[in-house]
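Inspection log for the structure reproduced underneath, given as structure tokens.
The values are calculated or read from the model by the stated rules, or taken from the named source; none is laboratory data. No experiment lies behind these values; they were computed from the predicted model shown. We place every Cβ from the backbone using ideal geometry, glycine too, and count neighbours over all the protein chains shown.
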Amino acid sequence: MTQKTAIVTGAARGIGLATTDLFLAEGRRVAMVDRDSDILAEEAGKRDGVVALHCDVSDPDDVAKMAEDAVAELGRVDALVNNAGVADFGPIDDCDFAMWRRVMSTNLDGVFLCSQALAPALKAAQGAVVNIASISGLRASTLRVAYGTSKAGVIHLTQQQAAEWGEFGVRANCVCPGPVRTKLAMAVHTQEIIDAYHDAIPLNRYGSEQEIGEVIVFLCSDKASYVTGQVVAADGGFQSTGVGLPALRS
Ligand SMILES: NC(=O)c1ccc[n+]([C@@H]2O[C@H](COP(=O)([O-])OP(=O)(O)OC[C@H]3O[C@@H](n4cnc5c(N)ncnc54)[C@H](O)[C@@H]3O)[C@@H](O)[C@H]2O)c1
């Protein structure tokens, strides 16, 4: 079986769906993984070369079943994109343990569980892992105690994976998207936040799902065969410009 494959979590919409389409365009078969069965079935039904797998990535039993089914359906696993994520913003004082766990269980536990469950198949194929973090994992900000901390954890987890799995020929890299107008972002971005992002981003705009997907697909490809343990911000320059004091602009 020579056709390359990929597993994308959170594939039913947003960045995961765009990444699925980019993988399909380069001839890969894709396992689309999501916990939202309705939209997953709808989107998978519109595409050839995909298999839809219902799974809550925060549930160890679900993940074990998903990994088994994905390997059975695809035959080999050349890439795993841990993209499923949730955002819940609020001040530290208002972040109760339920909110903390809701965010951590998908954003960080999910990456750990899916990667571990698929590690044997990734080693067999000398595949690649790409974990989706966020600029919120690179720079602290208000309201993101759970979200930002979960994403900082994803960045370090990626480096742990690169350190341990390099000897098996498995690469692990991390993509930190800047703001993209997906359902996740629009639920927590007010107009004020949108305007502030435009102001703080050198390219003066939000990114698109495809622009993030292109970086993910590159890192999974043979073109990135000597790249592992890296953190790539696809963010219009937000991370590189530090505080970016408006008073220092010409
Ligand atoms: N949109 C942004 O501005 C932005 C910025 C930085 C990082 N990100 C990250 O990009 C990733 C994709 O986000 P998006 O903006 O495309 O969001 P989205 O809400 O459009 O899509 C997320 C998908 O993940 C699925 N999902 C959520 N929790 C799940 C779980 N426990 N198990 C299985 N599936 C689950 C949802 O059903 C949905 O289909 C996330 O990890 C997010 O944190 C997004």
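Computed quantities for the displayed model
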| quantity | calculated |
| --- | --- |
| Residue within the range 128-140 that is touching a Lys or Arg at 6+ places or on another chain (Cβ under 8 Å), among the polar types (S, T, N, Q) and within 21 Å of S240 (Cα to Cα) present | yes |
| Filter result (in contact with a Cys (Cβ under 7 Å, 6 or more places away or on another chain) and within 12 Å of the ligand (Cβ to nearest atom)) within the range 125-154 | V130, N131, A133, S134, I135, G137, L138, A146, V154 |
| Verdict on A70 being within 12 Å of the ligand (Cβ to nearest atom) and either in contact (Cβ under 8 Å) with a residue 60 or more places away in the chain or outside any helix (DSSP H, G or I) (or both) | no |
| Lone qualifier among F112, F89 - being modelled with pLDDT under 95, touching a Leu at 6+ places or on another chain (Cβ under 7 Å), more than 9 Å from the ligand (Cβ to nearest atom) and among the hydrophobic types (A, V, I, L, M, F, W, C) | F89 |
| Single match in G137, G110, G153 (criterion: small (G, A, S), touching a residue at least 60 places away in the same chain (Cβ under 8 Å) and closer than 27 Å to A185 by Cα) | G110 |
| Hits in the range 15-60 - residues which are more than 10 Å from the ligand (Cβ to nearest atom), of a type in the set (A, V, I, L, M) and assigned to a loop (DSSP other than H, G, I, E, B) | none |
| Residue count, the range 109-145 (criterion: within 16 Å of the chain's Cα centre (by Cα), assigned to a helix (DSSP H, G or I), more than 21 Å from E68 (Cβ to Cβ) and not polar (S, T, N, Q)) | 2 |
| Residues (farther than 21 Å from K183 by Cα and free of Cβ contacts under 8 Å to residues at least 40 places away in the same chain) located in the range 203-242 | L203, F218, D222, K223, Y226, G237, S240, G242 |
